[in-house]
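Data first, discussion second: the structure below is written as structure tokens.
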Amino acid sequence: MLNFFKRNETIYSPCSGLFKTIDEVNDELFASKKMGDGFAVVPSDTEIYSPITGVITMLAPSKHAIGIESKNGTEIMIHMGIDTVELNGTPFNIKIKKGDKVKRGQLIANFDYKQAKDAGKETDVIVIILNIKNIDLDQTSMSQVNSQTEIGSLPK
């Protein structure tokens, strides 16, 4: 089938909190876009929702990162906190497993960001689009968002 029938995908915030552009994330790997373009949200609650509809492709053993691939082939990674891999899964309660189909807005994890912060970790929930170089963001830096907030459009 021809790709021109595919529509642009919309990506939503994975949680409520303060929106940040990817270059504002205090981690060079993410801020430099070496892994891909994206954005972050400093969470104000513990619930993490799927920002797109797709299939769970990866769950980090330490529970801090989740991969999702959409029907259109967009690959994203949700990375909860900076250096939270060092916490060995403690602040995370994952609600899905690899291979599960998820809908946008479905609860996929709980992230006890206060526990991560108490352990000296930054709590940004980072969404990276792994196979797209640039995304068009609808939000501006430091705006309040929730899990129903449209963040931007992903090209086909």
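Taking the condition more than 21 Å from S153 (Cβ to Cβ), touching a residue at least 40 places away in the same chain (Cβ under 8 Å) and not small (G, A, S), does K101 pass? Quick ask: steps written out before the conclusion?
Working: more than 21 Å from S153 (Cβ to Cβ): yes; touching a residue at least 40 places away in the same chain (Cβ under 8 Å): yes; not small (G, A, S): yes.
In short, yes.
Suppose the filter is over 25 Å from E9 (Cβ atoms), without any contact (Cβ under 8 Å) to a residue 40 or more places away in the chain, touching a helix residue (DSSP H, G or I) at 6+ places or on another chain (Cβ under 7 Å) and among the β-branched types (V, I, T); does T84 pass it? Yes, satisfied.
Outside any strand (DSSP E or B), farther than 24 Å from Q115 by Cα and either of a type in the set (A, V, I, L, M, F, W, C) or modelled with pLDDT under 95 (or both): which single residue out of I56, I52 fits that description?
Just one listed residue meets the conditions, I52.
Residues that are at pLDDT 95 or above, out of contact with any Cys (no Cβ under 7 Å at 6 or more places or on another chain) and basic (K, R) do not occur anywhere in the stretch 127-135.
Within the stretch 110-135, the set of residues being farther than 17 Å from D27 by Cα and out of contact with any Ser or Thr (no Cβ under 9 Å at 6 or more places or on another chain) comprises D118, K133, N134. Out of the residues in the stretch 102-116 that are small (G, A, S) and under 13 Å from the mean Cα position of the chain (by Cα), state the one that is surrounded by the most Cβ atoms within 10 Å (Cβ to Cβ). Across the stretch 102-116, the extreme among qualifying residues is A109. Summed over the stretch 95-122, residues that are more than 9 Å from H64 (Cα to Cα) and assigned to a strand (DSSP E or B) total 7. Within the stretch 27-41, the set of residues being surrounded by fewer than 19 Cβ atoms within 10 Å (Cβ to Cβ) and touching a strand residue (DSSP E or B) at 6+ places or on another chain (Cβ under 6 Å) comprises D27, M35.
The values are calculated or read from the model by the stated rules, or taken from the named source; none is laboratory data. From a predicted model like this one, the values you see are computed outputs, not experimental measurements. For neighbour counting, all protein chains shown are included, and Cβ atoms are generated from backbone atoms with ideal geometry for every residue, glycine included.
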